[in-house]
1. Under a 1.4 Å probe, what is the accessible area of the chain per residue, stated in Å²?
2. Report the one residue of Thr74, Leu39, Ala52 whose Cα lies farthest in the direction of the positive end of the charge dipole of segment 30-75 (charges on C-beta: Lys and Arg +1, Asp and Glu -1; origin at the Cα centre).
3. Using a 1.4 angstrom probe and counting only protein chains, how large is the accessible area of Lys79 in Å², to 10?
4. Which lysines have a Cα less than 16 Å from the Cα of Lys61, not counting those fewer than 8 places away in the same chain?
5. Please state the charge dipole magnitude for segment 1-120, taken about the Cα centre, from unit charges on C-beta atoms (+1 on K and R, -1 on D and E), reported in debye and rounded to the nearest 20.
6. With the full set of protein chains in place, find how many percent of the accessible area of the chain is carbon and sulfur; take the probe as 1.4 Å.
7. Sort largest first and round to whole Å: the equivalent ellipsoid semi-axes of segment 13-65, each the square root of five times a Cα gyration tensor eigenvalue.
8. Would you please give the FRET efficiency between Thr57 and Lys78, computed as 1/(1 + (r/R0)^6) with r the Cβ-Cβ distance and R0 = 35 Å, to the nearest 0.05?
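The values are calculated or read from the model by the stated rules, or taken from the named source; none is laboratory data. Every value quoted in this text rests on a predicted model; they were computed, and no experiment measured them. Glycine also receives a Cβ, built like all others from the backbone with ideal geometry; neighbour counts cover every protein chain displayed. Side chains included, ligands, DNA and RNA excluded: accessible areas come from the protein's heavy atoms. Shrake-Rupley method; radii C 1.70, N 1.55, O 1.52, S 1.80 Å.
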Amino acid sequence: MLVPKKTKYRKSQKGGKKITGHATSGNKISYGSHALKSLDSGRINSRQIEAARKVITRSMKRAGKLWICVFPHTPVTKKPAEVRMGSGKGSVEYYMMKIKPGRVVFEIDGVTDEVALNALTKAAAKLPFKTKVINII
């Protein structure tokens, strides 16, 4: 799973509740010929990225190439169940990344159009926001 090797601070603040606006960077295909693009805003964690990656590589039968265009770098903390209030912030549970609409999440190349469409639609089922498959014309 994707975890940062080294961070400046172990824990971070949430940074607000809403993810507003559209993606200004990472919104175009830059490596492959087919891509999975987000239509909604949301949070994606390393487990969801790994599940989608496994589905894509299996449905492509390990032919072609896959690029993961997002990296979960924000730590999310959680306190254990049935713990009283106070006594500081909880420990880091997982890492996530905020996704804005229009952000390219995965790119693939080296496979046919129907294989790419099949792989990316299966991966879209593993993600917590609406997506669409795009390709270079």
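1. Working: 9160 Å² over 137 residues.
I get 67 Å² per residue for the chain.
2. Ala52
3. Accessible area, nearest 10 Å²: 80 Å².
4. The qualifying lysines are Lys122.
5. Values: 25 positive and 8 negative charges, 161 e Å.
Taking the Cα centre of segment 1-120 as origin, the dipole is about 780 debye.
6. Details: 4740 of 9160 Å².
Accessible surface attributable to carbon and sulfur in the chain totals 52 percent.
7. Values: eigenvalues 137, 52, 13 Å².
The equivalent ellipsoid of segment 13-65 has semi-axes of 26, 16, 8 Å.
8. E(calc), rounded to 0.05, equals 0.70.
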